[in-house]
Amino acid sequence: MEGYLYAVLNLPKYASQTEINERHRSLSLIFHPDKQTDEQLKETAAKKFLEIQKAYQVLSDPFLRQVYDTLGSEGLAMQWPSYIRSRSKDEIQELLEQNKLTLARRNLNQSILPKGKITCQFDASSIFDSETEPIRKRSTWITTMQRRFSEAGVMSRSIIYSAEKKINEKTSISFEGHSTLQRAKGSFRFLGTVRHQFSPRVVVLASLNPFFPFTTKLDIKYEDPDNTLTFKTAFFPLAINSLPVTTTVSLSRRLFRSKPQRAKISLQVSKNPSISFLYISPPTLELSEDGGLPQKSPPTTSGLKYMLFDKSIGLSFDRGVPDLVVEVGLSLVELSTRLKASVHYGLSGLLLSLGVNWSNDAAEVASTLILSPAAVILNFDFGYLEQRLSLPIVLSTQFSPFIALGAVVIPSTATALGYHFFVIPRRRAQRLAHLRAIKKEFEEDSDARKERNAVEALLKDSVKKQIRVETEREGLVIQQATYGAAESEDATENILVDVTIPLQALVRNSQLHIPGGDTKAALQGFSDPAPFASKSLRVRYLFRGRVHYAEIPDYLPVVLPLAEHQVNGYSENHGTPAH
């Protein structure tokens, strides 16, 4: 029940700490078991007294109350590291929001326990391969296309469906059925799997087919921060003197202590043995110095501000024949999109794969184009939670430059048009709405405004004396100074803080210096009007009777006066040329 702990104390969610303390004190006196003489009433009072104490324990703790307000009772059941309490309220809220998404997805997964995948492979090569069409006189293009479409059809269908049951925190079991229909021939396989986590680093999966020949699979995985070791094998337990059908061993290890790059070696022992060596550079996100995340900023119009690159390169030896394997990926964080290209090159020829993937917390859409000497295949994948649909389409049974070019150009053009006419206008509207909300919040933030006004009132008298002294010596006098977003837009052009008086108070002997690299919100009389963006200090000042102007971003130190700030040819007399 949402807000149950508030209901126990009969308080609204916006109740102050004083109200919580008073209500806890009064209810504790009423329901204290020691004050009851009737045994039945005493038992009820003890139960209510414990509920009151639990509610007060949570709501009187600022951190636990913030956790409960955001995540509910599920958040209270989670183990939170002690260092989180030392963070600011906004940082804690950001962390809680991330966990809220994780909990929401977990709850959705629990509501649909089965996992399913449907694959339907189409053969559309008759539509595009010119060689499939015999030369016929008096055939019109309409009848030709009708005949070609009639020859296209479904090559195979398969359905995989499984259901998983969690026995305890470390063990779960699942049952999977796999049905395949290919060219009027069908097959069915049934598989039972037990998953057990022996420790945080070791996970074992054992799968058994209950039908003859009782194929058994065993997967063991060990993982620590620097190494990952996996062992996979399949065998027939009732076959005498039978060797495993296939066994794969792979080892992945971090190459550098402070970097994520890894090396991976995989060995497969079977009728067709193989070994591969890979260098893997996973995607990494560089955070700004203030620790901001992309989610902390308003959405950009293009959605291309945060990009992650990943790559892998290596050699694979299949039966001793080497293949070069290269894969590169580009992730567009704001658009939740990943572009991928891979190349396999060996004696059998070149295999090229181009793909794009979009996903959110619940859904996923992917498209992959595979080009090889033997075929051109376009594959579509759709997913929602744990339910998936895969549609591989064979466009040609041999490599065709024309078909390959069309399969690249047509989807790319459609994507570009959709991005330009749908994505960008939608993101622009979202950004403006976000910025207007921030501007409204800034304008209504009376507490911050009162604090700034109070600081200015405290500094006002000393600043007047300072200005008088600096004016007499023709020193540094701040005429106007504002602090706000470095790049202004229609919705944010007025999100500025007037810091003329606080900045003048920092002047010493006609000089001003503020270290760079950090936000200036901690300075007396300053505040952060735009926590979502990089900020600049805009200053108009007089020095030696001449007008100077500067725009200084947060990452640079503020050093005044500087000759390069001088507005050439103008003095303090309202633009009168200086002599």
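The values are calculated or read from the model by the stated rules, or taken from the named source; none is laboratory data. Note that this is a predicted model, so its numbers are computed, not measured. Every residue, glycine as well, gets a Cβ built from its backbone with ideal geometry; the counts of neighbours run over all protein chains shown. For the accessible areas, the whole protein counts, side chains as well, though only heavy atoms, and no ligand, DNA or RNA atoms are used. Shrake-Rupley method; radii C 1.70, N 1.55, O 1.52, S 1.80 Å.
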> From the residues in the stretch 497-527 that are modelled with pLDDT under 85 and open to solvent by 60 Å² or more (accessible area, probe 1.4 Å), which one is nearest to residue 562 (Cα to Cα)?
Replying inline: 515
>> So the check is Cβ under 8 Å with 6+ separation or different chains; which pairs have a first residue in the stretch 493-515 that's within 17 Å of residue 448 (Cβ to Cβ) and a second one that's of a type in the set (Asp, Glu)?
In response: 501/456; 502/456
>> So in the stretch 124-141, with the set limited to residues that are outside any loop (DSSP other than H, G, I, E, B) and at pLDDT below 80, which one is least open to solvent (accessible area, probe 1.4 Å)?
In response: 132
> From the set of residues in the stretch 33-81 that are closer than 21 Å to residue 14 by Cβ and among the aliphatic types (A, V, I, L, M), which is most open to solvent (accessible area, probe 1.4 Å)?
Replying inline: 76
> Any chance the stretch 394-412 includes a residue that's at pLDDT 90 or above, in contact with a strand residue (DSSP E or B) (Cβ under 7 Å, 6 or more places away or on another chain), open to solvent by less than 40 Å² (accessible area, probe 1.4 Å) and among the polar types (S, T, N, Q)?
Replying inline: no
> With (1) touching a strand residue (DSSP E or B) at 6+ places or on another chain (Cβ under 6 Å); (2) under 14 Å from residue 124 (Cα atoms) as the list, and residue 381 as the residue in question, which single condition is left unmet?
Replying inline: (2)
> Does residue 105 satisfy being part of a helix (DSSP H, G or I), of a type in the set (Lys, Arg) and at pLDDT below 80?
Replying inline: yes
>> Anything in the stretch 161-171 that is open to solvent by less than 100 Å² (accessible area, probe 1.4 Å) and modelled with pLDDT of 85 or more? List them, or say none.
In response: 162, 171
> If you go through the stretch 548-577 one residue at a time, how many are assigned to a loop (DSSP other than H, G, I, E, B) and modelled with pLDDT under 85?
Replying inline: 7
> Limited to the stretch 3-15, what total is found for residues that are open to solvent by 70 Å² or more (accessible area, probe 1.4 Å) and out of contact with any Ser or Thr (no Cβ under 9 Å at 6 or more places or on another chain)?
Replying inline: 3
> When the residues of the stretch 263-285 are filtered to those that are assigned to a loop (DSSP other than H, G, I, E, B) and of a type outside the set (Val, Ile, Thr), which remaining residue is surrounded by the fewest Cβ atoms within 10 Å (Cβ to Cβ)?
Replying inline: 271
> Of 191, 181, which residue is over 20 Å from residue 386 (Cβ atoms) and either in a strand (DSSP E or B) or touching a residue at least 24 places away in the same chain (Cβ under 8 Å) (or both)?
Replying inline: 181
> If residue 259 passes every condition in (1) at pLDDT 90 or above; (2) under 30 Å from residue 331 (Cβ atoms) but one, which one does it miss?
Replying inline: (1)
> Within the stretch 16-30, can you find the residues that are without any contact (Cβ under 8 Å) to a residue 40 or more places away in the chain and open to solvent by less than 70 Å² (accessible area, probe 1.4 Å)?
Replying inline: 16, 21, 24, 26, 27, 28
>> Give me the strands (runs of 3 or more DSSP E) completely within the stretch 335-375, filtered to those with at least 3 residues that are open to solvent by 60 Å² or more (accessible area, probe 1.4 Å), ordered by residue number.
In response: 337-346, 349-359
>> When you scan the stretch 149-157, do you find a residue that is touching a strand residue (DSSP E or B) at 6+ places or on another chain (Cβ under 8 Å), open to solvent by 90 Å² or more (accessible area, probe 1.4 Å) and assigned to a strand (DSSP E or B), even just one?
In response: yes
